[in-house]
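*Asks:* Take a look at the following structure, please.
The values are calculated or read from the model by the stated rules, or taken from the named source; none is laboratory data. Note that this is a predicted model, so its numbers are computed, not measured. Don't worry about glycine lacking a Cβ; one is built from the backbone with ideal geometry, like all the others, and counts go over all protein chains shown.
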């Protein structure tokens, strides 16, 4: 996947005197999580066999790294700031590093209970 395929082009929000409604994802999914990450933390370092997920940064910044599964190439880096979202399909190695305290929303196809999650995830080392 190219970096311009990873960043999700978000639709324009609907705005009126009450505020704004921002469309994010119109897909059937089974998991929605809010994840708090401390400055310097690394998450991911894996790929999913069948799961996909969207990560929407609520506050802070995420450095998102990705490459096709099985590739030995250096992963590509995408800087994801608050208000932006990335998509990870199945079979893509990915990891995140946080240069500041960050909160992000993850929307996933599969359930997130530990048993289901561990059956679908394969660990890889993209970042140390």
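*Asks:* Filter region 16-65 down to residues that are in a loop (DSSP other than H, G, I, E, B) and on the phi > 0 side of the Ramachandran plot and give me whichever is surrounded by the fewest Cβ atoms within 10 Å (Cβ to Cβ).
*Replies:* Here the answer is 40.
So that you can scan it fast, the table gives a plain yes or no per residue for (1) touching a strand residue (DSSP E or B) at 6+ places or on another chain (Cβ under 8 Å); (2) outside any loop (DSSP other than H, G, I, E, B); (3) surrounded by 14 or more Cβ atoms within 10 Å (Cβ to Cβ); (4) modelled with pLDDT of 95 or more:
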site	(1), (2), (3), (4)
67	yes, yes, yes, yes
73	yes, no, no, no
83	yes, no, no, yes
86	yes, yes, yes, yes
94	yes, yes, yes, yes
99	yes, no, no, yes
104	yes, yes, yes, yes
107	yes, yes, yes, yes
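*Asks:* Here's something else I'd like to know. Within region 112-123, track down each residue that is at pLDDT below 95 and surrounded by 14 or more Cβ atoms within 10 Å (Cβ to Cβ).
*Replies:* 112, 116, 117 - these are the residues of region 112-123 that are at pLDDT below 95 and surrounded by 14 or more Cβ atoms within 10 Å (Cβ to Cβ).
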